[in-house]
Amino acid sequence: MKNKALPNTADVVIIGGGVSGCSIAWNLAKQGQKNIVVIEREYLTSGATGRCGAGVRQQWATKANCILAKQSVEFFEQAQAILEYDGDVEFKQEGYLIVSSTPEETAQFKKNVRLQNSLGIPSKLLTKAEAKQIVPHLNTDVIDAATFCGTDGHLNPFTMTDAYYKAAKRLGVSFYTYTTVEDIDVKNGAIHAVKTNKGTIKTDVVVNAAGGWAKEIGEMAGVDIPVFSENHEILVTEPVEKMQGPMVISFSHNIYCQQTPHGAFIMGRGDKNMPKGHDVSSSWTFLDDMSKTVTTLLPPIGELRVIRQWGGLYNISPDHQPIISDAKDVKGFYMACGFSGHGFMLAPMTGLLLSELILGKTPSLPMEDMALDRFEGKEITEFETSVV
Amino acid sequence: MDPNNVIICRCSDVSLQDLYDLFEEGYTTFEELKRIKRVGMGPCQANTCGKMVQWEIAKYFNKPLASVEFHNMRPFTMGVKLNAIKEAADDEE
Ligand SMILES: Cc1cc2nc3c(=O)[nH]c(=O)nc-3n(C[C@H](O)[C@H](O)[C@H](O)COP(=O)(O)OP(=O)(O)OC[C@H]3O[C@@H](n4cnc5c(N)ncnc54)[C@H](O)[C@@H]3O)c2cc1C
Ligand code: FES
């Protein structure tokens, strides 16, 4: 794919070969759009997608996140067949167990479950004892209660993206890896061309799916996107016999931890003192804090050996909900960013909604809560609280 | 020999034919191969297969071996138990 010369023109140029860019490309092509080009600076999944925790959950605290996640799960359940994929996307639905540590947190969880149930998400509140039945090695001394949703789970980010890539390619989408977008030409308030280190492509439509660099891509087109990037670290252990079905997460202990179908455990946590920026290095502080947290909440995991650690960028929006939108001031500029740490699991809806917007169709869901202009002149008072 | 029967990565059970298929799909670097098929991601962390993978990339794309990048090594070349890390961290406090 990287040996072809860049075309001089395209109908749509998508910047970013992560799961979002690949899903948008496939959704557009499936609805008949021709001449789609995807530009990726390194290789597919080299951004946040290939560095993520591979978790898929519907247990959210805001309505928009709940609906996006639920409808995405419905796609993942069929993804293998819909995309006619020859590999395995490894969608394992063994649930997410979200534990609370205080009665106050449990009270918030009760509200979340009520909202989730009202939207058709089959989550439920569990006592400590019930939680322990699902994850026997859970240390219930440090928790108050839990919620569980059995249709949440794990999905392989590499093969899921590969599935979108291959399906999009079959529909005629061209992919250019190891190609960097350096500037965007805007003429009379409309997109005119995309400049890369390998040539310029004339186009009327640009899609910003650049993950941690979405703000910088916005600046190239003169569009101010209120997002920032932040390193989030993660580690993986040696693979072992299956011992944990669901992902276990705690917002107050600051941890998510699951066993992949391959057998390895992956776990991560946030760091309040992390500076904003594009650094994705690994730290000892993370390892120290992670080992303490996981051995407190899930003691037997302490016996597993860590084999790798790495970092990746969260691209964070003011209300921790994605921006899937056009730009009022620049015609032909679209974006899917600000996923705030949960953009992998939303990719099917990201692709569907943004493609409908681009093609001028009525979107499958109301998109006000995802629009760029929702932040204009407003203090953000409501935001997604269920994030690690 | 049938490339289906030539195993390149023993840890992750990847044959030479698997590599060829990936090359054909447009995946041309070690970093890409390891992500789709776990080539080089097994317990030996590419100690066994790394050189062979580099060699096959060079041959297939007709590039000098020295120009084929090895995959990024991450921290930890040998596993360390989380409990051991926790104890060391506790001792420092
Ligand atoms: C440690 C960690 C754990 C996570 N865990 C989860 C999880 O469990 N579940 C979940 O749903 N989400 C999770 N996330 C979030 C998730 O990874 C992201 O929201 C999602 O992958 C975003 O996908 P994307 O395609 O929008 O962006 P990316 O995957 O970042 O893709 C953007 C691409 O754009 C390319 N690019 C940037 N600038 C340019 C340029 N100038 N020219 C050409 N290309 C460019 C980059 O190289 C990159 O490949 C996690 C993130 C991290 C860091
Ligand atoms: S033989 Fe490939 S990782 Fe061990």
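The values are calculated or read from the model by the stated rules, or taken from the named source; none is laboratory data. All values reported here derive from a predicted model rather than from experimental measurement. We place every Cβ from the backbone using ideal geometry, glycine too, and count neighbours over all the protein chains shown. We work out accessible area using only protein heavy atoms, side chains counted, and drop any ligands, DNA or RNA first. Shrake-Rupley method; radii C 1.70, N 1.55, O 1.52, S 1.80 Å.
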Task: Residue among A:Ile255, A:Ile301, A:Ile225 with the largest mean-square fluctuation in a Gaussian network model of chain A, springs linking Cα atoms under 10 Å - done: A:Ile301
Task: Choice from A:Gln31, A:Gln93, A:Gln321 showing the highest fluctuation, given a GNM over chain A with Cα pairs closer than 10 Å - done: A:Gln31
Open item on the list: Under 10 Å, Cα contacts only: if you run a Gaussian network model on chain A, which one of A:Gly95, A:Gly377, A:Gly343 comes out with the highest mean-square fluctuation?
Closed with: A:Gly377
Task: Full-stretch length increase - A:Leu171, A:Asp185 - with 0.36 nm per residue and alpha-carbon distance subtracted - done: 2.3 nm
- [ ] May I ask which residue of A:Gln59, A:Ile121, A:Cys22 lies farthest towards the positive end of the charge dipole of the protein assembly as shown, with charges of +1 (Lys, Arg) and -1 (Asp, Glu) on Cβ and the Cα centre as origin?
- [x] A:Cys22
Open item on the list: Once ligands and nucleic acids are excluded and a 1.4 Å probe is used, how much of A:His278 is accessible, expressed in Å² to the nearest 10?
Closed with: 70
TODO: For B:Arg10, A:Arg269, give the ranking by accessible area with the largest first, probe 1.4 Å.
DONE: B:Arg10, A:Arg269
Open item on the list: Not counting ligands, DNA or RNA, and with a 1.4 Å probe, what is A:Thr147's accessible surface area in Å² rounded to the nearest 10?
Closed with: 10
TODO: Rounding to the nearest 20 debye, state how big the charge dipole of chain A is about its Cα centre with +1 on each Lys and Arg Cβ and -1 on each Asp and Glu Cβ.
DONE: 660
TODO: Could you tell me how many degrees, from 0 to 90 and to the nearest 10, lie between the Cα long axis of helix A:19-30 and the main elongation axis, the longest principal axis, of the Cα atoms of chain A?
DONE: 50
Task: Among A:Met370, A:Ala327, A:Val37 the positive-end extreme of the charge dipole of the protein assembly as shown (Cβ point charges) - done: A:Val37
Open item on the list: Could you tell me what a quarter of the Cα convex hull surface of chain B works out to, in nm² with one decimal place?
Closed with: 7.5
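Ranked by accessible surface with a 1.4 Å probe, highest first, in what order do A:Lys276, A:Lys30 come?
Solvent-accessible surface, decreasing: A:Lys276, A:Lys30.
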Task: On Cα atoms only, tilt of A:157-170 relative to the major axis of chain A in degrees - done: 30
Task: Separation of alpha-carbon centers, the stretch A:356-386 and the stretch B:17-68, rounded to whole Å - done: 42
Open item on the list: Run the lone-cysteine check on chain B: no other Cys C-beta under 4.7 Å from the residue's C-beta.
Closed with: B:Cys11, B:Cys44
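Using only alpha carbons, build the gyration tensor for the protein assembly as shown and give me the equivalent ellipsoid semi-axes, biggest first, whole Å.
Result for the protein assembly as shown: semi-axes of 34, 30, 20 Å.
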Open item on the list: To test your reading of the geometry: what angle, between 0 and 90 degrees and rounded to tens, separates the Cα axis of helix A:284-297 from the longest principal axis of chain A?
Closed with: 50
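Between B:Asn5 and B:Phe61, what is the FRET efficiency for a Förster distance of 25 Å, r being their Cβ-Cβ separation, to the nearest 0.05? List each step's numbers first, then the result.
Numbers: r = 23 Å, r/R0 = 0.92.
That gives a FRET efficiency of 0.65.
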- [ ] Counting helices only, and only those DSSP H runs with n ≥ 4, report the 222 nm mean residue ellipticity of chain A as the sum of -39,500 (n - 2.57) divided by its residues, in deg cm²/dmol to the nearest 500.
- [x] -8500 deg cm²/dmol
Task: Separation in nanometres of the label points that stand 7 Å from Cα toward Cβ, at A:Asn197 and B:Glu69 - done: 1.0
Task: Contact order normalised by residue count of the stretch B:3-92, Cα under 8 Å, 6+ apart, percent - done: 22
Open item on the list: Could you work out [θ]222 nm for chain B from helices alone, using -39500 (n - 2.57) per DSSP H run of at least four and dividing by all its residues? Round to the nearest 500 deg cm²/dmol.
Closed with: -13000 deg cm²/dmol
Task: FRET efficiency, 1/(1 + (r/R0)^6) with R0 25 Å, evaluated for A:Phe383 and A:Arg114 via beta carbons - done: 0.85
Task: With all protein chains modelled, accessible area of A:Leu119 [1.4 Å, Å²] - done: 50
Open item on the list: Suppose accessible area is computed on protein heavy atoms with a 1.4 Å probe; arrange A:Ser291, A:Ser281 from highest to lowest.
Closed with: A:Ser281, A:Ser291
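Relative contact order of chain A, please, whole-number percent, based on alpha carbon pairs below 8 angstrom and at least 6 residues apart.
On the way: 893 pairs, mean separation 89.5, N = 388.
Computed value for chain A: 23 percent relative contact order.
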